[in-house]
Amino acid sequence: MTGVTSVLKSAIEYIEPDSDLDDYEPPMLNVQSVQTQAISSSLLPTHTSTSFAKKADLALAFSLSHPEVFHALEPIQTQYPDLCLSQMEDAYTMRVPPVAGVEVKERGGSYNEATVQLGVWCAAGWRN
C-alpha cells in the first residue's frame with residue numbers, strides 16, 4: 001500500500017516545471033490512510049445475516065490547509081460545528097470532505113472482498 005500512497009501523493013503534489021515556487025500553495029487534495037478508522041455505524045448498511053463494517057484503505061480528500069478549501073468550509077463549520085462531512089468517526093477525518101476512496105489488495109487478494117469494502121465505504125459516504 002505504501003507504493004500506492006506514494007504514487008497518489010506524487011500525482012497530487014506535482015508542480016509544473018515552470019511554476020514559481022514563491023506562489024506555491026498546498027495541494028487542494030491530500031491522501032489519507034483511513035484503514036483503521038471506523039465508519040459511523042448509523043451509516044452502515046444493515047442485513048439480518050451479515051455485518052458490513054468494512055473500511056477502505058485510503059481516501060482522497062480535500063485539504064483543509066488549502067486556502068480555497070479552508071475559506072469554503074470555515075463558515076459551514078462555524079455555523080454547524082457538529083456537522084460531519086465524511087462517513088468516518090475520527091475527529092479530524094469527519095470534518096474533511098472525501099473525494100474518493102481507494103482499496104488496495106496484495107497480489108492474489110480477493111477482488112470481491114475489495115469491491116464490497118469499497119462499496120460499503122462509498123455507500124456510507126453517500127448516505128451521510
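The values are calculated or read from the model by the stated rules, or taken from the named source; none is laboratory data. These numbers were taken from a predicted model, which means no experiment stands behind them. Counting neighbours? That spans all protein chains shown, and the Cβs are built from the backbone with ideal geometry, glycine included. Heavy atoms of the whole protein, side chains included, go into the accessibility calculation; ligands, DNA and RNA do not. Shrake-Rupley method; radii C 1.70, N 1.55, O 1.52, S 1.80 Å.
Quick notes on this one:
- Extreme residue, surrounded by the fewest Cβ atoms within 10 Å (Cβ to Cβ), among residues of segment 62-84 that are in contact with a Pro (Cβ under 7 Å, 6 or more places away or on another chain) and without any contact (Cβ under 8 Å) to a residue 40 or more places away in the chain: Ser65
- Per the listing Ala91, Ala59, the residue uniquely open to solvent by 70 Å² or more (accessible area, probe 1.4 Å) and within 16 Å of the chain's Cα centre (by Cα) is Ala91.
- Selection from segment 1-54 of residues that are modelled with pLDDT of 80 or more and either in a loop (DSSP other than H, G, I, E, B) or farther than 18 Å from Ser86 by Cβ (or both): Pro27, Met28, Val34, Gln35, Thr36, Gln37, Ala38, Ser40, Leu44
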